[in-house]
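The values are calculated or read from the model by the stated rules, or taken from the named source; none is laboratory data. Quick caveat, the model's predicted, so the values are computed rather than measured. Cβ placement follows ideal geometry from the backbone for every residue including glycine, while neighbour counts extend to all protein chains displayed. SASA here: full protein model, heavy atoms, side chains in, ligands and nucleic acids out. Shrake-Rupley method; radii C 1.70, N 1.55, O 1.52, S 1.80 Å.
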Amino acid sequence: MITELKVEGMSCGHCKMSVEKALKSVRGVEKVEVFLREGKAVVEGSAPADQLIAAVQEEGYSASVRQ
Ligand SMILES: [Cu+2]
């Protein structure tokens with residue numbers, strides 16, 4: 001399963017790494033790719049979207065599922 005998230009608030013490579021790390025820490029996540037300029041994260045695995053969003057929010061960024 002692939003989930004695409006819109007991530008708002010990332011401004012530099014450090015933000016990108018924080019978001020990547022947060023998403024990778026969610027149970028069921030197999031692969032994470034974060035695109036800083038696009039404000040996007042692509043997550044592969046079985047983790048539910050609400051848990052992915054919560055993990056990103058805990059780092060101080062806002063996230064929603066990209067439609
Ligand atoms: Cu930053």
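Considering only residues that are in a loop (DSSP other than H, G, I, E, B) and in contact with a Lys or Arg (Cβ under 7 Å, 6 or more places away or on another chain), which ones fall in the stretch 1-53?
Answer for the stretch 1-53, where residues must be in a loop (DSSP other than H, G, I, E, B) and in contact with a Lys or Arg (Cβ under 7 Å, 6 or more places away or on another chain): 10, 36, 39, 47.
Which residues, taken from the stretch 1-20, are more than 13 Å from the ligand (Cβ to nearest atom) and either within 11 Å of residue 56 (Cα to Cα) or among the hydroxyl-bearing types (Ser, Thr, Tyr) (or both)?
Across the stretch 1-20, the qualifying residues are 3, 5, 6.
Restricting to the stretch 12-45, count the residues that are touching a Gly at 6+ places or on another chain (Cβ under 9 Å), within 17 Å of residue 65 (Cα to Cα) and open to solvent by 90 Å² or more (accessible area, probe 1.4 Å).
Residues that pass the stated criteria total 1.
Which is touching a helix residue (DSSP H, G or I) at 6+ places or on another chain (Cβ under 9 Å) and not hydrophobic (A, V, I, L, M, F, W, C), of 46, 62, 11?
Of 46, 62, 11, the one residue that is touching a helix residue (DSSP H, G or I) at 6+ places or on another chain (Cβ under 9 Å) and not hydrophobic (A, V, I, L, M, F, W, C) is 62.
Could you check, for the stretch 44-53, whether at least one of its residues is under 8 Å from the mean Cα position of the chain (by Cα) and within 16 Å of the ligand (Cβ to nearest atom)?
No - not one qualifying residue is present in the stretch 44-53.
What do you reckon, is residue 64 at pLDDT 95 or above, within 15 Å of the ligand (Cβ to nearest atom) and outside any helix (DSSP H, G or I)?
For residue 64, the condition - at pLDDT 95 or above, within 15 Å of the ligand (Cβ to nearest atom) and outside any helix (DSSP H, G or I) - is not met.
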